[in-house]
Structures are given as C-alpha cells and as structure tokens.
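Report on one structure; see the data block that follows.
The values are calculated or read from the model by the stated rules, or taken from the named source; none is laboratory data. The structure presented is a predicted model; accordingly, all values stated were derived computationally and were not measured. Backbone-built Cβ (ideal geometry, glycine too); neighbour counts: all protein chains shown. We work out accessible area using only protein heavy atoms, side chains counted, and drop any ligands, DNA or RNA first. Shrake-Rupley method; radii C 1.70, N 1.55, O 1.52, S 1.80 Å.
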Amino acid sequence: METTVRILAVDDDPIILELLTQFVAAIGVHELTTAESGPQALDILKTPGIAPFDCFMLDIQMPQMDGIELTKHIRDMARYADTPVLMVTAMADKRYIDAAFAAGATDYVTKPFEVNELRARVGMVEKLAATRQMRTKKIFAAKSTAEVPQTLELHEPLSVYDVDNVIDFISMENYVAQLSRNALFGSTAFAFSVRGIENFHKTLNAFEFNGLISDVAEVLSDTLSGHQFLMSYGGDGTFVCVTESGWRPDPERLMDDVNLALSRMEMFNNAGEPLEPRVSTGDAVRMTWKTGNAIMDTLGEAHASAKEAALKYERNRHDFWLTEQRA
C-alpha cells in the first residue's frame, strides 16, 4: 500500500497551481495543498493541528515574499529542517540558483517543465525524505548516553544545520547538475578531509560524531566567508566545496587557516574529553566546460583527493614516529 505524500505548492500564478494540481492527481496517491503567496503558505504551516507536509514546491518570483525567503522561513521550522524543497520557477539565472540552494532548496526545476521530469524529481525527494528521517532517528537515539555505539556508517553523508552555505550532499549534486545545464563560469571543486576520521567514528557515538562534523563545518564555513561557495559533507570525514566567481583557492593556505581556527576551538565528547580534529585539503579541480557525468566526477575527484591527502598525512606521521623510536 502506497503512502500518501502531502505537498504544499506555492505560486502566485493560478494557472501553474492548476497545472500542479492536475500533475499531482495524475501521479498517484498524493495530496496537494496550494497557496498563492509566501505569507499565505506560512499561515497554513502555522495552523494548529495541521498534519506536516512531506514536500514543498515553491516559485521564486512572488509578491510580498519571494520563494527564497520563504525557503529560509521553512528551514527555520524544526519540523521542516529536512523536508525536501523543490523550486519550480522560471528563473534560470545563476544568481537565483545559487541563492535558492544556499537557502535550503533540495532541487530546482525551471518552467516550462516536462511532466516526466517533475515526476522524477518528486520521486527523488520522496526517497530522500524517508532516508533523512531514518538517519535523524539514529543520531538522536544516541544523544543522551556515551555508551550508545556508533550507528552511522562512516561513508554516510550527514545533514548539517544552521551553518552558512552548507547544504546536503544530494542538494549539492542537484546544484551542480543544474549548473551544468547552464554555464559553470569559473566554478572550482575542492575538499577538506578530517584526519584520523576512522578513529573518531570508532570512539564516538552517533550524536557526538554528528556534533564533531557540525563543528568542523562551522569552522570551514567561517574560514571561507568572503568567497562565494557552497559546501556539503559527503561522508568519510570529507567536505566538498564548489566555489564561484572565478576564485581559485589555495588549498595549502586554506588548510593552515582552518587548522589554526580548529586549534582555537574547544570540542569535547560526552565524557568531557577534548577532541582535536585537523583537516587536509586536496587538489582544486576546475569544472568549466565539463558536462554530464564529467561534472559529477569532479565532486568525486575532489573528495578522493582530500581523503588521500589526509591518509598520506597520517602515514607520514606514523613513519616519522617509527623513525624517532628507532633512533
């Protein structure tokens, strides 16, 4: 038996709302609620006793409150911190795409849209919602006790909340895919990887590990402030960044700046023991002129390069320690 998915669609164009109503009716057991403005949508969301929505479809250009501002308001609600937000808009300009994903959008569809494309995107966000709910339950099940074992796989991407320009990894993939349909301008991908992440994962429970990843994300975001970028935690202790405006980062200098900031930050596990994470950076990979799978490969290439740099650092440190012991 299929589960009913509750969708809230917000658009100031009644024709689009009617099209979305027909679309939802055609694809299955979904329930659609519509609003003609951001304020009206927020009133609906704040209605006492209303059942939560499973997905949002938002236009960008609307009077009173645009869809990007509305997305920020939705993300500020704890109930909807992980709910997929699908932008359905005529705005194909890159600055709108950047702003939408930075605000918390999960995916981006430009009008006029193909019904099959929209059906595929809705199917994706349905699966994403279910996966996120399971992951969140794992994290908060380990919140109160240090004895709870690690229940998150090391390779699992995690959601990081309330850190500027940090988005989910699936949203990052959707963002890059959207850029590849337009122009990548001066985009560059690179990554940071936490050294010794396997040991952190082994000794920390899920809540502690999630906290560590969130703290490192905050330091990375602060260090990159002043540049146009989006960043995502891709699992395995590694954060992938996509920079814009032609800025080509200096990975070595960034690594030093981040590690200096981390050394000044106090982090502890549930037992009050200090945590001292440090990162390595990989190569900066230019994304210009790449399309299709080659674009997605740049994210994987940046991720692998940073991970290898972190492993190389650990190997060198271990070899140096053995040399000192023998001396």
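Over region 169-325, what is the relative contact order in whole percent, taking alpha-carbon pairs under 8 Å and six or more residues apart? If you can, show how the numbers build up before the last one.
Working: 233 pairs, mean separation 58.5, N = 157.
Value for region 169-325: 37 percent.
When the Karplus curve 6.51 cos²θ - 1.76 cosθ + 1.60 is applied with θ = phi - 60°, which whole-Hz ³J(HN,Hα) does each residue of region 252-257 get, with x for Gly and Pro?
3J(HN,Hα) across region 252-257, in whole Hz: 5, 5, 4, 4, 5, 5.
Using the basic label-point model (7 angstrom from Cα toward the beta carbon), what is the Tyr161 to Ser263 distance in nanometres?
3.3 nm
With a point put 7 Å past each Cα toward its Cβ, work out how far Ala78 is from Thr47 in nm, to one decimal.
Placing both labels 7 Å along Cα→Cβ, they lie 2.3 nm apart.
Give me the net charge for the shell around Asp13: Cβ to Cβ below 10 angstrom, other residues only, Lys and Arg +1, Asp and Glu -1.
Net charge around Asp13: -4.
Tell me the per residue accessible area of region 169-325 using a 1.4 Å probe; a whole number in Å² is fine.
On the way: 7340 Å² over 157 residues.
I get 47 Å² per residue for this part.
Could I have the simple spin-label model distance between Thr203 and Ala90, label points 7 Å from Cα toward Cβ, reported in nm to one decimal?
Inter-label distance under the simple model: 5.8 nm.
Students often check this: by mean Cβ neighbours within 10 Å, which of 65-76, 205-216, 259-270 ranks highest, and how do the rest follow? Write out the running numbers ahead of the final one.
Details: 65-76: 20.0, 205-216: 22.1, 259-270: 13.9.
Ranked from most to least packed, the peptides come out as 205-216, 65-76, 259-270.
With the other protein chains left in place, how much accessible area per residue, in square angstrom, belongs to region 5-143 at a 1.4 angstrom probe?
Roughly 46 Å² per residue, with all protein chains present.
Compute the orientation-averaged projected area for region 1-126 from the convex hull of its Cα atoms and round it to one decimal in nm².
Values: hull surface 29.7 nm².
Across all orientations, region 1-126 yields a mean hull projection of 7.4 nm².
Computed from the mean reciprocal separation of all distinct C-alpha pairs, what Kirkwood hydrodynamic radius does region 169-325 have, in Å?
Answer for region 169-325: a Kirkwood hydrodynamic radius of 16.3 Å.
Of the options Gly196, Asn270, Ala306, report the single residue whose Cα projects farthest towards the positive end of the charge dipole of region 169-325 (beta-carbon charges: Lys, Arg +1; Asp, Glu -1).
Ala306
Taking H as built 1.01 Å from N, whose amide H comes closer than 5 Å to the amide H of Val109, not counting residues under 5 places away?
Amide H neighbours of Val109: Met87, Val88, Thr89.
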